[in-house]
Structures are given as C-alpha cells and as structure tokens.
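Structure record follows, encoded as structure tokens.
Rule-based calculations on the coordinates, nothing more; no lab input. Keep in mind that this is a model prediction, so the values were computed, not measured. Every residue, glycine among them, receives a Cβ derived from its backbone with ideal geometry; neighbour counts consider all protein chains shown.
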Amino acid sequence: MPAGQPILIRTIAEMRQALKAGRYAGRRIGLVATLGALHDGHASLLRRARRECDIVVASVYVNPTQFGPNETFAKYPRRLQLDLEVCGREGVDFVFAPADAEMYGGGSLTTIHVARLTDRLCGPIRPGHFDGVCTVVAKFFNIFQPNLAYFGQKDAQQIVVLQRMVADLNLPIEIVVCPTIREPDGLAMASRNACLDPCQLQQAPCLYRALQTGRDAIEKGARTSEGVAAIMREVVAAAGPFAIDYLETVDARTLEPMDPLCGTVLVAGAIRIGTVRLIDNLVVEVA
Ligand code: AMP
C-alpha cells in the first residue's frame, strides 16, 4: 500500500487491538462514522478530526439496519478503494470496513431506541431508521471508544438523537458538530446525489432554496410555522412535482413544533426527486 494510506481493518478484534496501545498512552481518538462513497462533506469531518485528534478512525459501512424495506440499501453506492484514497489524503490512520456478518453475525437482539426525538421529521417516514443508526453508532462507540466523534449538521436530527443517546447512556464521548458542505449551487453534498441524473441534479438545489426562503421569511418577521412552511412548499413546487416528506420549522433542541417561532429554530426539509431522498436544514436565531 502506498505511503499515507490508512490501514484497512475488517474485524472488531483487530480494530480493538489496533487502538489499544494508543488509548493506554492517553492519545485522543477521533471517529468519523460513514456509509462510504465519501465526498467533500465527509472529507471536512475527517480533516477536522485530523486537526483535533492523535488517532483518526473512519468507519465505512453501509449499515443494513438503518434502511427500510423500500429504501435504497442495495443501490447505495459502494466504492471502498476510492474511499481509502480520500481517507489517505485526509491523513486517516485506520479505516474500519466490516462485513455484515462481523457486525451482526451473532444474531443481535438488542436495539437502542431514543424516544420522542425520533417521532418527528424523518422518524415517521423512515420507521426504525434511528434505531438502526443509534444501535450501530453505539456499537462503534464501544468498539473504538473514541474521545471525540464527528458528525455533520446536514443530518441535524441524527445529531440531536445521538447527543441524547450519549447523555442518557453516560458515554464519555464528545459529539463534534461540523457545518454542512455544499455544492456551489447550494445543494448539500450527499452520497445519494450520485444517483441523480443531470436534469435532477439541476432541480435538486430547490430544497436549499426553499430553506433559504423560509429562513429569510423568519428573519423578516414571519412567526407562524404554517406560514413559513407554505412559502417553502411553493419554492419546491415551482421547481418540479417532487414529493415533499416535510418542510418544517421546529425547536432546534427538542425538535418539537412551536408557534410562534422563537429561540433557535431548525428549518428542515426532506424531498424526493425520483427515488432519491434529499434532506437539508438551516438554523435561525429568533430574538
Ligand atoms: P453518511 O455517510 O451520509 O452517513 O454521513 C457520514 C457523516 O458525514 C454524517 O455525520 C453526516 O452528517 C456527514 N455528512 C454527510 N454529508 C455531509 C455534508 N454535505 N456536509 C457535512 N457533513 C456531511
């Protein structure tokens, strides 16, 4: 393997062994958990972890338990060799890419469920999704025992849910939230964007434009959730006949709806363009 390439690890036992000496020596371990098909959004997390930690581990694992029966698990892009190159460029020390049998071969009977925070936004549309995410992330936290774990603001609900899991289970891990990285046209980078055809790629930034329009309306004084949602729906409808899973304004901390809007507001949306589901969000402070 060329110099600067991360060490690829396939088993939990080897992963634990690889980190043991560093952990006992008091070195800071940073984790970036990914589904792979790495892009500049992932790279920004890896770069920050490299700056702040002594040892950087990236997991590249398309976790089956966070996909629903009608979702794109089989079609999810997989390209480990390219991911290893990205990790090499960003100075990652270890890439953990286990097989499903390694992660779930024993026939797992345990699931982590964070209540309430998963009842809104993506939760009802993707039943079981956050249970799958929390369970696999808890497994990773247990396998790597990182000091810091880096997550992207793009998945805002995931962050709120994982922060709650860490607090409720007293896990000694700091969750570091990293900003959303976008294409020049505003589209939030996502591995799934690779599944959009050229025409759909041109239409996809309508989600970001809708969120911006919602944010602008709030900044100009709009205070009702329904009013802001209606404005956002118009922007998406003007771009094409896309299914809107939700376009909402919620409390950024609790994810609960609120009227009138006040405090830190999460303006969040999910739409489907063809079979590709896009999510994005912006945060607005309301005085
Ligand atoms: P995924 O591979 O989609 O599960 O993403 C792995 C991590 O990268 C998650 O913490 C995501 O929030 C983060 N991430 C994905 N896309 C972006 C982006 N465009 N900007 C910043 N972080 C991102």
Summing -39500 (n - 2.57) over the DSSP H runs of n ≥ 4 in the chain and dividing by its residue number, what mean residue ellipticity at 222 nm do you reach, to the nearest 500 deg cm²/dmol? -11500 deg cm²/dmol
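Can you work out the FRET efficiency for the pair residue 39 and residue 283, with r the C-beta to C-beta distance and R0 = 25 Å, to the nearest 0.05?
Values: r = 22 Å, r/R0 = 0.88.
With a Förster radius of 25 Å, E is 0.70.
Sum up the charges of everything whose Cβ sits under 15 Å from the Cβ of residue 100, counting Lys and Arg as +1 and Asp and Glu as -1, but leave residue 100 out. Numbers along the way, then the final one.
On the way: positive: 10, 78, 139; negative: 102.
Charge balance in the 15 Å sphere: +2.
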So if I place +1 on the C-beta of Lys and Arg and -1 on the C-beta of Asp and Glu, and nothing else carries charge, what would the dipole magnitude of the chain be about its Cα centre? I want it in debye, nearest 20. 600 debye
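Using the crude model of +1 on Lys and Arg Cβ and -1 on Asp and Glu Cβ, and no other charge, please compute the dipole size for the range 186-245 relative to its Cα centre, in debye to 20.
Numbers: 6 positive and 6 negative charges, 23 e Å.
Here the range 186-245 has a charge dipole of around 120 debye.
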Provide the per-residue ³J(HN,Hα) series for the range 133-140, in order, calculated from phi with Karplus coefficients 6.51, -1.76, 1.60 and θ = phi - 60°, each as a whole number of Hz, with x at glycine and proline positions. 5, 4, 5, 5, 5, 4, 4, 4
Ranking 220, 154, 20 by Cβ neighbours within 10 Å, fewest first, what do you get? 220, 20, 154
At a 10 Å Cβ-Cβ cut-off, how would you order 218, 12, fewest neighbours first? 12, 218
Towards the positive end of the charge dipole of the range 76-193, with charges on Cβ (+1 Lys, Arg; -1 Asp, Glu), say which of 148, 170, 81 has the farthest Cα. 170
Count the net charge of all other residues whose Cβ sits under 15 Å from the Cβ of residue 283, scoring Lys and Arg as +1 and Asp and Glu as -1. -3
Per residue of the range 269-281, what does 6.51 cos²θ - 1.76 cosθ + 1.60 with θ = phi - 60° give for ³J(HN,Hα)? Whole Hz please, x for Gly and Pro, Karplus curve as stated. x, 9, 10, 10, 10, x, 9, 9, 9, 10, 10, 6, 6
Where nothing but the Cβ of Lys and Arg (+1) and of Asp and Glu (-1) is charged, how large is the charge dipole of the range 146-273 around its Cα centre, in debye to the nearest 20? 140 debye
Whole-Hz Karplus couplings 3J(HN,Hα) for the range 58-66, θ = phi - 60° and coefficients 6.51, -1.76, 1.60, Gly and Pro as x, run 10, 9, 10, 8, 7, 6, x, 6, 9
To make sure I understand the rule: partners must be lysines, Cα under 26 Å from the Cα of residue 20, and not fewer than 8 residues away in the same chain. Which ones qualify? 139
Can you tell me the FRET efficiency between residue 220 and residue 13 if r is taken as the Cβ-Cβ distance and R0 is 45 Å, rounded to the nearest 0.05? 0.20
Within the range 1-31, what residues put their amide N at less than 17 Å from the label point 7 Å along the Cα-to-Cβ vector of residue 110? 12-13, 16
Residues with amide H under 5 Å of residue 178's amide H, sequence separation 5 or more or different chain, H placed in the peptide plane at 1.01 Å from N; which? 151, 152, 153
By how many degrees, between 0 and 90 and to the nearest 10, does the Cα long axis of helix 12-24 differ from the longest principal axis of the chain? 80 degrees
Under 5 Å between amide hydrogens, which residues at least 5 positions from residue 112 or on another chain qualify, with H placed 1.01 Å from N in the peptide plane? 135
If the cut-off is a Cα-Cα distance under 12 Å, which aspartates and glutamates reach residue 154, setting aside same-chain residues fewer than 8 apart in sequence? 280
Can you give the local net charge around residue 111? Use residues other than it whose beta-carbon is closer than 12 angstrom to its beta-carbon, Lys and Arg +1, Asp and Glu -1. 0
Tilt, helix 40-52 to longest principal axis of the chain (alpha-carbon atoms), in degrees rounded to tens, equals 50 degrees
Most positive-pole-ward Cα, 122, 104, 191, against dipole of the chain from beta carbon charges: 104
I'd like the orientation of helix 80-89 relative to the chain: the angle between its Cα long axis and the longest Cα principal axis, in ° from 0 to 90, rounded to 10. 90 degrees
Considering only C-alpha atoms, what is the centroid distance from the range 46-77 to the range 232-287, in Å? 24 Å
Neighbour-count ranking [beta-carbon atoms within 10 angstrom, fewest first] of 10, 215: 10, 215
